[in-house]
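The values are calculated or read from the model by the stated rules, or taken from the named source; none is laboratory data. These figures come from a predicted structure and were not determined experimentally. Neighbour counts run over all protein chains shown; Cβ positions are idealised from the backbone, glycine included.
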Amino acid sequence: MTDWAKVDLGSPLAWPEALRTTVAICLGSQLPILIWWGPNLTLLHNDAAAEIVGPHALGKPGREVWAGVWSTLGPLIETVFASGIASWSEDVPLFVDREVAQREVYLSFSIGPILGKGGIPDGPDLHRERDDEARARGAPACRAARDSRRAPRSRARPRRPALRSSR
């Protein structure tokens, strides 16, 4: 159980509406969803994402949880946070901790802004599309990608205008 008094986000009752709404959507999803919030990019996630980040990641800074891959993920997250423009990355090779060993996996995911008041990004969220660990164990293209340490393919998508009520 997370002691929210010890987390820089404080009590969930005091969270901004955008964060509470995003967390509610996250918790209702069966797809893995990660949310980074605040200046420390504090990590929130649903049960499906616990397989990715581990059982003790909730409420910790993203840079700490993802220390081994932050050089790849950090710039993507920071860009979305700063620009408000969502991105899609495909087949990104990452070494992640899985139970007792570190494994190479290829993740495809979207990182999108969480818009607060006035349409200003308050934080990014990540939706994992695919995790292809089996392919990482032997496909020649994956070995070549790993060996060359190619940059992730990323496509920025323009932000949609905010929906406005006709009332």
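Before moving on, here are some points about what is shown:
- Scan of segment 9-54 for residues that are of a type in the set (S, T, N, Q), surrounded by 13 or more Cβ atoms within 10 Å (Cβ to Cβ) and outside any helix (DSSP H, G or I), ordered by number: Ser29, Asn40, Thr42, Asn46
- Some residue of segment 98-114 being under 21 Å from Gly10 (Cα atoms) and either aliphatic (A, V, I, L, M) or in a helix (DSSP H, G or I) (or both): yes
- Any chance Asp97 is out of contact with any Asp or Glu (no Cβ under 6 Å at 6 or more places or on another chain), modelled with pLDDT under 85 and either of a type in the set (D, E, K, R) or within 16 Å of Trp4 (Cα to Cα) (or both): yes
- Residue within segment 65-81 that is within 20 Å of Met1 (Cα to Cα) and surrounded by 16 or more Cβ atoms within 10 Å (Cβ to Cβ) present: yes
- Among (1) surrounded by 13 or more Cβ atoms within 10 Å (Cβ to Cβ); (2) at pLDDT 90 or above; (3) closer than 18 Å to Gly112 by Cα, the one test that Leu58 misses: (3)
- Output for segment 33-47, where each listed residue is at pLDDT below 90 and of a type outside the set (S, T, N, Q): Trp36, Trp37, Gly38, Pro39, Leu41
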